[in-house]
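**Student:** Can you read through this structure? Questions will come right after.
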Amino acid sequence: MPNRDSLTEITSRLASVSDTPALDASVLLARIVDRPRSWILAHPELTLTDEQQTQLQSSLARLENGEPFPYVLGRWEFFGLEFEVTPDVLIPRPETELLVEKAISFLQKNPSKTNVADIGTGSGAIAVSIAVNVPKANILAADISAKALQVAKQNAEKHNASERIEFVECDLLPESKVESQMSDHRSSTFDLVCSNLPYIPTNTLKHLPVYQREPTLALDGGEDGLDTFRKLLSIVPDRLAPNALILLEIESTLGEQTAQLARQHFQNANITLHPDLTGRDRLLEIQL
């Protein structure tokens, strides 16, 4: 097992927990046998070893119990790169690619600007994607979760970006260069600050499918969803280089509220809301 009939059986089992059961079935098998999905589809005669069969049954049970598919796979694609993911980090999502695109474009258009901060790095998806695409970038990747930072470090190593990313365990930003133990060549001010902060209002989060399936620490933005934004925007001005750029992913229903909060701290900046592919507010840009 499996053969073509069993692939159909796996698809059937996943139908109750997935919107794309056939795709998920083939991706799961590809992960288990360490082959491309195209190879799985081209080899209906595939037979699993006893160990692989045990892994398959365990994975199916986890999925049927509601565990997110990326956690079961242990990896997920983001911005054309594969990232390791665990329940300690938020699953990278396509809407965050908008932030990465804007960040890379800014750095490429301004080659003298190289110092970047990724606040709340999680899996490291933002920091690593920038490092891979902008080799001159020096990046501080901060997170309050030590376990998340371990995952991020693994992803940096996986994509040969470790030497250009410094990982720091702290709440938002380290208080000083000395406290963060940043390398001497790292600047304590930043040309670009990126962040996918927790932004879902607490009561809203409790009624979403993602609640208790992904880390609440990375999702819960407080009563109105803006707690971490208030905190970041109050401390980040002193850490910015001249003509710096801030890119913040936001809750789609809180675009104007988040922009108004930014205007209170950056009265002379150009502040822009950018929509995601569904047309909803998704990215706040603050250009000094």
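The values are calculated or read from the model by the stated rules, or taken from the named source; none is laboratory data. The structure displayed is predicted, hence computed values, not measured ones. Note that each Cβ is placed from the backbone with ideal geometry, even for glycine, and that neighbours are counted across all protein chains shown.
**Student:** Looking at 229, 266, which is the one that is more than 22 Å from the chain's Cα centre (by Cα) and in the same structural domain as residue 123 (by TED's automatic domain parsing)?
**Tutor:** On the way: 229 fails: more than 22 Å from the chain's Cα centre (by Cα).
Sole residue among the options that is more than 22 Å from the chain's Cα centre (by Cα) and in the same structural domain as residue 123 (by TED's automatic domain parsing): 266.
**Student:** For the stretch 26-58, which residues satisfy the criterion of being assigned to a helix (DSSP H, G or I) and among the hydrophobic types (A, V, I, L, M, F, W, C)? First the steps, then the outcome.
**Tutor:** Narrowing the stretch 26-58 to residues assigned to a helix (DSSP H, G or I): 26-33, 37-42, 50-58.
Within the stretch 26-58, 27, 28, 29, 30, 32, 33, 39, 40, 41, 42, 56 qualify.
**Student:** Moving on to the next point. For residue 104, indicate whether it is within 27 Å of residue 282 (Cα to Cα) and touching a strand residue (DSSP E or B) at 6+ places or on another chain (Cβ under 7 Å). Step through it out loud before you land on a result.
**Tutor:** Details: within 27 Å of residue 282 (Cα to Cα): yes; touching a strand residue (DSSP E or B) at 6+ places or on another chain (Cβ under 7 Å): no.
Answer is no for this residue.
**Student:** Name the residue, out of 248, 273, that is out of contact with any Asp or Glu (no Cβ under 7 Å at 6 or more places or on another chain), modelled with pLDDT of 95 or more and either of a type in the set (A, V, I, L, M) or in a loop (DSSP other than H, G, I, E, B) (or both).
**Tutor:** After applying the criteria, what remains is 248.
**Student:** Another one. If you check 63, 23, which single one turns out to be part of a helix (DSSP H, G or I) and buried (at least 17 other Cβ atoms within 10 Å of the Cβ)?
**Tutor:** Being part of a helix (DSSP H, G or I) and buried (at least 17 other Cβ atoms within 10 Å of the Cβ) holds for just one of 63, 23, which is 63.
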